[in-house]
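The values are calculated or read from the model by the stated rules, or taken from the named source; none is laboratory data. Computed from a predicted structure; not experimentally measured. When we count neighbours, we look across all protein chains shown, and the Cβ atoms used for this are built from the backbone with ideal geometry, even at glycine. Calculation scope for accessible area: heavy atoms of the full protein, side chains included, ligands and nucleic acids excluded. Shrake-Rupley method; radii C 1.70, N 1.55, O 1.52, S 1.80 Å.
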Amino acid sequence: MTTDEPQRPDLARELIARATESAAHRAKRVRDQLDAVQLGQGRHTDHANTKVLRRILAEHDWPGHRLVGPDAARAAWSIALHSDEPDFQRAAATLLGRAVQAGDALVQHWAHLHDRTLITSGRDQEYGTQLLLRADGIELCPLRAPKSVDARRATVGLPPIAVALKTVHRRYTPYGSADEAPTVVLAGGRVKKRNPKFSTSRSHGRNSTLRKDR
(Lines give C-alpha, C1' and ligand atoms only; values in the text may rest on other atoms or scores of the structure.)
Protein backbone atom coordinates (compact mmCIF):
# COMPACT_ATOMS: atom_id res chain seq x y z
CA MET A 1 0.00 0.00 0.00
CA THR A 2 1.04 3.62 -0.42
CA THR A 3 0.60 6.75 1.66
CA ASP A 4 1.57 9.10 -1.22
CA GLU A 5 -0.86 11.57 -2.72
CA PRO A 6 -3.07 9.89 -5.33
CA GLN A 7 -2.06 10.25 -8.94
CA ARG A 8 -5.58 11.23 -10.00
CA PRO A 9 -7.27 13.32 -7.30
CA ASP A 10 -9.94 14.31 -9.83
CA LEU A 11 -11.04 10.69 -10.21
CA ALA A 12 -10.84 10.26 -6.45
CA ARG A 13 -13.26 13.13 -5.86
CA GLU A 14 -15.73 11.82 -8.43
CA LEU A 15 -15.70 8.27 -7.07
CA ILE A 16 -16.14 9.40 -3.47
CA ALA A 17 -18.99 11.78 -4.35
CA ARG A 18 -20.84 9.12 -6.31
CA ALA A 19 -20.40 6.38 -3.72
CA THR A 20 -21.41 8.70 -0.87
CA GLU A 21 -24.64 9.67 -2.63
CA SER A 22 -25.49 6.04 -3.37
CA ALA A 23 -24.75 4.94 0.20
CA ALA A 24 -27.12 7.55 1.61
CA HIS A 25 -29.82 6.42 -0.82
CA ARG A 26 -29.36 2.74 0.12
CA ALA A 27 -29.59 3.55 3.82
CA LYS A 28 -33.00 5.13 3.21
CA ARG A 29 -34.06 2.18 1.05
CA VAL A 30 -33.19 -0.27 3.81
CA ARG A 31 -35.35 1.75 6.21
CA ASP A 32 -38.26 1.85 3.69
CA GLN A 33 -38.05 5.63 3.43
CA LEU A 34 -38.24 5.80 -0.37
CA ASP A 35 -41.23 5.87 -2.69
CA ALA A 36 -41.40 4.18 -6.10
CA VAL A 37 -40.03 7.21 -7.96
CA GLN A 38 -37.06 7.49 -5.61
CA LEU A 39 -36.34 3.76 -5.94
CA GLY A 40 -36.23 4.20 -9.70
CA GLN A 41 -33.87 7.13 -9.31
CA GLY A 42 -31.61 4.97 -7.18
CA ARG A 43 -31.42 2.32 -9.90
CA HIS A 44 -30.60 5.03 -12.44
CA THR A 45 -27.82 6.28 -10.17
CA ASP A 46 -26.34 2.79 -9.84
CA HIS A 47 -26.39 2.42 -13.62
CA ALA A 48 -24.70 5.81 -14.09
CA ASN A 49 -22.07 4.92 -11.49
CA THR A 50 -21.36 1.65 -13.30
CA LYS A 51 -20.87 3.56 -16.54
CA VAL A 52 -18.33 5.88 -14.91
CA LEU A 53 -16.43 3.05 -13.22
CA ARG A 54 -16.40 1.04 -16.45
CA ARG A 55 -14.70 3.95 -18.17
CA ILE A 56 -12.12 4.21 -15.38
CA LEU A 57 -11.39 0.48 -15.49
CA ALA A 58 -10.97 0.58 -19.26
CA GLU A 59 -8.47 3.43 -19.00
CA HIS A 60 -6.60 2.59 -15.79
CA ASP A 61 -7.47 -0.95 -14.67
CA TRP A 62 -8.61 -1.06 -11.03
CA PRO A 63 -8.46 2.41 -9.37
CA GLY A 64 -6.33 1.41 -6.42
CA HIS A 65 -4.55 3.26 -3.64
CA ARG A 66 -1.81 4.62 -5.88
CA LEU A 67 -4.18 6.06 -8.47
CA VAL A 68 -6.97 7.47 -6.30
CA GLY A 69 -6.08 6.85 -2.62
CA PRO A 70 -7.66 4.48 -0.07
CA ASP A 71 -10.97 6.33 0.35
CA ALA A 72 -11.69 6.53 -3.37
CA ALA A 73 -10.55 2.93 -3.87
CA ARG A 74 -13.16 1.95 -1.30
CA ALA A 75 -15.70 4.08 -3.18
CA ALA A 76 -14.88 2.27 -6.43
CA TRP A 77 -15.38 -1.06 -4.66
CA SER A 78 -18.75 0.06 -3.34
CA ILE A 79 -19.87 1.15 -6.81
CA ALA A 80 -18.82 -2.20 -8.29
CA LEU A 81 -20.52 -4.10 -5.49
CA HIS A 82 -23.84 -2.36 -6.12
CA SER A 83 -23.72 -2.42 -9.90
CA ASP A 84 -26.79 -3.88 -11.58
CA GLU A 85 -24.64 -5.57 -14.27
CA PRO A 86 -23.32 -9.01 -13.20
CA ASP A 87 -20.90 -9.30 -16.15
CA PHE A 88 -19.35 -5.99 -15.21
CA GLN A 89 -19.05 -7.08 -11.59
CA ARG A 90 -17.15 -10.21 -12.60
CA ALA A 91 -14.75 -8.21 -14.77
CA ALA A 92 -14.25 -5.69 -11.96
CA ALA A 93 -13.55 -8.50 -9.48
CA THR A 94 -10.81 -9.82 -11.76
CA LEU A 95 -9.10 -6.42 -11.94
CA LEU A 96 -9.55 -5.87 -8.21
CA GLY A 97 -7.92 -9.25 -7.55
CA ARG A 98 -4.92 -8.21 -9.60
CA ALA A 99 -4.68 -4.96 -7.67
CA VAL A 100 -4.71 -6.95 -4.42
CA GLN A 101 -1.83 -9.08 -5.68
CA ALA A 102 0.08 -5.90 -6.53
CA GLY A 103 -0.46 -4.52 -3.02
CA ASP A 104 -2.70 -1.76 -4.35
CA ALA A 105 -6.08 -2.80 -2.91
CA LEU A 106 -7.60 -4.59 0.08
CA VAL A 107 -8.18 -8.32 -0.08
CA GLN A 108 -11.30 -7.88 2.07
CA HIS A 109 -12.83 -5.79 -0.71
CA TRP A 110 -12.07 -8.49 -3.24
CA ALA A 111 -13.68 -11.14 -1.01
CA HIS A 112 -16.92 -9.15 -0.80
CA LEU A 113 -17.04 -8.53 -4.54
CA HIS A 114 -16.12 -12.13 -5.35
CA ASP A 115 -18.95 -13.36 -3.13
CA ARG A 116 -21.37 -10.95 -4.77
CA THR A 117 -20.50 -12.23 -8.24
CA LEU A 118 -21.09 -15.80 -7.08
CA ILE A 119 -24.49 -14.98 -5.57
CA THR A 120 -25.69 -13.01 -8.60
CA SER A 121 -24.74 -15.97 -10.83
CA GLY A 122 -26.74 -18.39 -8.68
CA ARG A 123 -23.76 -20.03 -6.96
CA ASP A 124 -22.85 -20.39 -3.28
CA GLN A 125 -20.60 -17.70 -1.84
CA GLU A 126 -17.17 -18.50 -0.39
CA TYR A 127 -16.65 -16.07 2.49
CA GLY A 128 -20.11 -15.35 3.90
CA THR A 129 -20.05 -11.63 3.15
CA GLN A 130 -23.43 -11.44 1.42
CA LEU A 131 -26.63 -11.30 3.42
CA LEU A 132 -30.28 -10.81 2.59
CA LEU A 133 -32.38 -8.33 4.53
CA ARG A 134 -35.92 -9.62 4.99
CA ALA A 135 -38.86 -8.29 6.93
CA ASP A 136 -38.34 -10.98 9.57
CA GLY A 137 -34.57 -10.79 9.88
CA ILE A 138 -31.18 -10.97 8.24
CA GLU A 139 -30.32 -14.15 6.38
CA LEU A 140 -26.98 -15.35 5.05
CA CYS A 141 -27.04 -16.00 1.32
CA PRO A 142 -26.17 -19.56 0.23
CA LEU A 143 -22.70 -20.52 1.44
CA ARG A 144 -20.32 -23.27 0.32
CA ALA A 145 -19.05 -25.60 3.08
CA PRO A 146 -20.33 -23.59 6.07
CA LYS A 147 -18.24 -25.53 8.60
CA SER A 148 -14.99 -24.24 7.11
CA VAL A 149 -16.10 -20.67 6.38
CA ASP A 150 -14.16 -19.17 9.31
CA ALA A 151 -10.93 -20.69 8.00
CA ARG A 152 -11.59 -19.21 4.57
CA ARG A 153 -12.51 -15.84 6.07
CA ALA A 154 -9.24 -15.79 8.00
CA THR A 155 -7.27 -16.08 4.76
CA VAL A 156 -8.76 -12.78 3.56
CA GLY A 157 -8.58 -10.90 6.85
CA LEU A 158 -12.24 -11.21 7.82
CA PRO A 159 -13.47 -11.95 11.37
CA PRO A 160 -15.38 -15.14 12.25
CA ILE A 161 -18.84 -15.31 10.71
CA ALA A 162 -20.61 -15.14 14.09
CA VAL A 163 -18.86 -11.86 14.88
CA ALA A 164 -19.75 -10.44 11.47
CA LEU A 165 -23.41 -11.40 11.78
CA LYS A 166 -23.64 -9.83 15.22
CA THR A 167 -22.18 -6.59 13.88
CA VAL A 168 -24.55 -6.48 10.92
CA HIS A 169 -27.55 -7.30 13.10
CA ARG A 170 -26.67 -4.41 15.42
CA ARG A 171 -26.34 -1.96 12.54
CA TYR A 172 -29.69 -2.90 11.04
CA THR A 173 -31.78 -2.61 14.18
CA PRO A 174 -34.17 0.38 14.32
CA TYR A 175 -31.61 2.44 16.25
CA GLY A 176 -28.56 1.14 14.40
CA SER A 177 -26.71 2.93 11.62
CA ALA A 178 -27.47 1.24 8.32
CA ASP A 179 -25.18 3.57 6.42
CA GLU A 180 -22.18 2.37 8.43
CA ALA A 181 -22.19 -0.86 6.42
CA PRO A 182 -24.40 -0.29 3.38
CA THR A 183 -22.47 -2.73 1.23
CA VAL A 184 -23.02 -5.85 3.34
CA VAL A 185 -26.73 -6.56 2.96
CA LEU A 186 -28.59 -7.30 -0.24
CA ALA A 187 -31.87 -5.52 0.41
CA GLY A 188 -34.56 -7.51 -1.36
CA GLY A 189 -33.96 -10.15 -4.00
CA ARG A 190 -34.11 -13.92 -3.59
CA VAL A 191 -31.82 -16.68 -2.45
CA LYS A 192 -32.00 -20.16 -3.89
CA LYS A 193 -31.99 -21.93 -0.53
CA ARG A 194 -32.08 -21.15 3.14
CA ASN A 195 -29.20 -21.82 5.54
CA PRO A 196 -30.80 -21.88 9.02
CA LYS A 197 -27.49 -22.31 10.83
CA PHE A 198 -26.45 -18.77 9.97
CA SER A 199 -29.85 -17.05 9.96
CA THR A 200 -30.56 -14.36 12.55
CA SER A 201 -33.88 -12.67 13.32
CA ARG A 202 -34.86 -9.14 14.28
CA SER A 203 -37.57 -9.66 16.98
CA HIS A 204 -9.33 -12.35 -16.09
CA GLY A 205 -8.00 -9.67 -18.11
CA ARG A 206 -9.90 -6.80 -19.69
CA ASN A 207 -12.87 -7.96 -21.62
CA SER A 208 -15.67 -6.45 -23.65
CA THR A 209 -17.52 -5.53 -20.47
CA LEU A 210 -14.89 -2.87 -19.80
CA ARG A 211 -14.88 -1.23 -23.21
CA LYS A 212 -15.22 2.55 -23.24
CA ASP A 213 -18.75 3.89 -23.51
CA ARG A 214 -19.24 5.76 -26.73
Q.
I'd like the full set of residues that are among the small types (G, A, S) and open to solvent by less than 10 Å² (accessible area, probe 1.4 Å), limited to the range 46-74.
A. G64, G69, A72, A73
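Does the range 145-157 contain at least one residue that is among the polar types (S, T, N, Q) and closer than 23 Å to R26 by Cβ? Please lay out each step first, then the result.
Initial filter on the range 145-157 (among the polar types (S, T, N, Q)): 148, 155.
Cutting the leftovers down to closer than 23 Å to R26 by Cβ gives us none.
Looking for residues that are among the polar types (S, T, N, Q) and closer than 23 Å to R26 by Cβ, one finds none in the range 145-157, hence no.
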Q. Taking the condition of a type in the set (G, A, S) and closer than 22 Å to R171 by Cα, does S78 pass?
A. yes
Q) Conditions: (1) open to solvent by 50 Å² or more (accessible area, probe 1.4 Å); (2) over 13 Å from the mean Cα position of the chain (by Cα); (3) at pLDDT 95 or above. G103 meets all but one. Number of the miss? A) (1)
Q: Would you list the helices (runs of 4 or more DSSP H) that sit entirely within the range 51-145 and hold 1 or more residues that are over 30 Å from E5 (Cβ atoms)?
A: 86-101, 107-120
Q.
Condition first: among the charged types (D, E, K, R) and crowded, with 21+ Cβ neighbours inside 10 Å. Can you find one or more residues in the range 108-119 that meet it?
A. yes
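Check L132, L165 and return the single one that is closer than 21 Å to P86 by Cβ, open to solvent by less than 30 Å² (accessible area, probe 1.4 Å) and modelled with pLDDT of 50 or more. Full working, then the answer.
On the way: L165 fails: closer than 21 Å to P86 by Cβ.
The unique qualifying residue is L132.
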